């Protein structure tokens, strides 16, 4: 099952040049790339606090209400993800504590190319805040339509969440700005958020200089469905992800030839009346999209587990039971009333998820992404003495006698 051509390696030379220019020439390079890639000249890359506040004041009340409800639901699930310190007592005076510590400072990237992804503001900011991150910066491409500033809906979402540090910088140059610390933007410890191939490539190149969440590629949906599925629902859900990007993948896996035919007919009907017809048709006709006929749902389950989709919907009889057997998926949507669009905006789940088969080893964005684990080792003299012989034996086995001596010296006087 092929995926879209998303060749990060091919983008490396161009992106490396961008990152080096930002590292060596700072704000001048960022402004030049803004003119080149976004078609705007931005003198001050940090968005004034007054503009952020004004965007919220001018926000459509219906959009504000939808954002507030999405934030409320996401905060609730994030709060339940918080991990408590785990304390293990291994004997008298021998304690190891597994402590969760939030990252000090993060840079959050929000795309603004084909669409201003305001929902990505919530999906990045809420788990970071819940984790206890003390310093949050957000960057999004400058918009020519709005005088070189960030899209006002994105700014309004920042205001709702109390994010005051926002930059009108897009693409690879934004990731480099976060990684190196340029102009008014101090260096961050971690960068998260989706983006195009140049953003993803910058993350790959700068990993180590800065932590990253993932290398997310084009969005994808797989649907496992049987004869009980509603073809209109299935087609609409396939279209919903194809709408994102010409490289988006929409895959139906089914043992039902009847359903396959009905979905094809529904796609023909529904695509023709959508707003982004050309983008959707390009996605649906690409090698990354298609209908996969299987012998039965057991084989279908094998297929979707092997594919490891970013989003997996289950439209079958007893959908919960089939969903429980899925091992590889960024997020699983159970039944005909849990479309991916719900997860994109208001389910309470996070929509920043692993793509390109990475769901077989990686997880979506969560509170855990913004924390790190620290082992705190607290031993008394007696507790150390109880295992001193083992430490010395193992140190000698590795031909590292200094390790053993660091223990033995404590009991020689």
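The values are calculated or read from the model by the stated rules, or taken from the named source; none is laboratory data. Fair warning: this is a prediction, and the values are worked out from it, not measured in the lab. Because the Cβ atoms are built from the backbone with ideal geometry, glycine has one as well, and the counts that use them run over all protein chains shown.
Numbers below:
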| item | result |
| --- | --- |
| Qualifying positions in segment 141-153 - touching a strand residue (DSSP E or B) at 6+ places or on another chain (Cβ under 7 Å) and free of Cβ contacts under 8 Å to residues at least 60 places away in the same chain | 151 |
| Residue in segment 300-315 that is over 24 Å from residue 361 (Cα atoms), touching a strand residue (DSSP E or B) at 6+ places or on another chain (Cβ under 9 Å) and part of a helix (DSSP H, G or I) present | no |
| Odd one out for residue 388 among (1) over 11 Å from residue 330 (Cα atoms); (2) touching a strand residue (DSSP E or B) at 6+ places or on another chain (Cβ under 9 Å); (3) surrounded by 14 or more Cβ atoms within 10 Å (Cβ to Cβ) | (2) |
| Hey, residue 350 outside any loop (DSSP other than H, G, I, E, B), outside the structural domain of residue 121 (by TED's automatic domain parsing) and in contact with a helix residue (DSSP H, G or I) (Cβ under 8 Å, 6 or more places away or on another chain) or not | no |
| Matching helices (runs of 4 or more DSSP H) fully within segment 45-138 where at least 1 residues are free of Cβ contacts under 8 Å to residues at least 24 places away in the same chain and more than 28 Å from residue 196 (Cβ to Cβ) | 49-57, 61-81 |
| Unique match (being assigned to a helix (DSSP H, G or I), without any contact (Cβ under 8 Å) to a residue 60 or more places away in the chain and in the same structural domain as residue 229 (by TED's automatic domain parsing)) among 275, 281 | 281 |
| Yes/no for residue 24 being modelled with pLDDT under 95 and more than 24 Å from the chain's Cα centre (by Cα) | no |
| In segment 40-63, the residues that are buried (at least 16 other Cβ atoms within 10 Å of the Cβ) and either modelled with pLDDT of 95 or more or under 21 Å from residue 186 (Cα atoms) (or both) | 42, 45, 46, 47, 51, 52, 55, 56, 59 |
